[in-house]
Amino acid sequence: MTVVSTLLNEIIELARRKGMKQKDLAAQAGLSAEMLSRAKKSGDMHLSSLIRLADTVGMTLQLVTDDPVLNKISNGTLFN
C-alpha cells in the first residue's frame, strides 16, 4: 500500500464516520467521484487534491522529519 493510499483511506474513513458518502466527500472537495475512485485504485493523486479532501473532513496533512530526536523536540517530549 502506498503512502497516498494510506492517507486516502484515513480521509475516507473519517468522512464515513461523519456520515459522508465518498461521492459527497469528492463533491465538497471540488473533485469528481470518478477522480476519487481512480485515486483509490491507483494509489496516487495530486497532493493538492489530497489536501482538499483532508480539509473537507477537518484533517491537516503535515510533513515531519524521520529524526527521532527532532520529533521529540517538536513534541516537547525530549526529556520525558
Being within 16 Å of Val4 (Cα to Cα) and without any contact (Cβ under 8 Å) to a residue 40 or more places away in the chain is the filter here, so list the residues in the range 27-46 that pass it.
Met35, Leu36, Ser37, Arg38, Ala39, Lys40, Lys41, Ser42, His46
Within the range 1-23, can you find the residues that are free of Cβ contacts under 8 Å to residues at least 24 places away in the same chain and over 18 Å from Met45 (Cα atoms)?
Arg16, Arg17, Gly19, Lys21
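If we keep just the residues of the range 49-80 that are β-branched (Val, Ile, Thr) and within 22 Å of Thr6 (Cα to Cα), which is surrounded by the most Cβ atoms within 10 Å (Cβ to Cβ)?
Checking each candidate, the answer is Thr56.
Looking only at the range 9-28, count how many residues are assigned to a loop (DSSP other than H, G, I, E, B) and either surrounded by 17 or more Cβ atoms within 10 Å (Cβ to Cβ) or touching a Pro at 6+ places or on another chain (Cβ under 7 Å) (or both). Full working, then the answer.
Within the range 9-28, the subset assigned to a loop (DSSP other than H, G, I, E, B) is 18-21.
Next cut, either surrounded by 17 or more Cβ atoms within 10 Å (Cβ to Cβ) or touching a Pro at 6+ places or on another chain (Cβ under 7 Å) (or both) only: 20.
So the count comes out to 1.
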Only one of these conditions is not met by Leu31: (1) of a type outside the set (Phe, Trp, Tyr); (2) modelled with pLDDT under 95; (3) assigned to a loop (DSSP other than H, G, I, E, B); (4) surrounded by 12 or more Cβ atoms within 10 Å (Cβ to Cβ). Which number is it?
(2)
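Which ones in the range 34-46 are surrounded by 10 or more Cβ atoms within 10 Å (Cβ to Cβ) and in a helix (DSSP H, G or I)? Reasoning before the result, please.
Our first condition is that a residue be surrounded by 10 or more Cβ atoms within 10 Å (Cβ to Cβ); within the range 34-46, this holds for 34-40, 42-46.
Listed by number, the residues that qualify are Glu34, Met35, Leu36, Ser37, Arg38, Ala39, Lys40, Ser42.
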Considering only the range 47-71, how many residues are free of Cβ contacts under 8 Å to residues at least 12 places away in the same chain and part of a loop (DSSP other than H, G, I, E, B)?
7
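Using the structure shown, decide if Val3 is modelled with pLDDT of 95 or more and within 11 Å of the chain's Cα centre (by Cα).
Values: modelled with pLDDT of 95 or more: no; within 11 Å of the chain's Cα centre (by Cα): yes.
Against the criterion (modelled with pLDDT of 95 or more and within 11 Å of the chain's Cα centre (by Cα)), Val3 does not qualify.
The values are calculated or read from the model by the stated rules, or taken from the named source; none is laboratory data. Since the structure is predicted, the reported quantities are computational estimates derived from the model, not experimental observations. Counting neighbours? That spans all protein chains shown, and the Cβs are built from the backbone with ideal geometry, glycine included.
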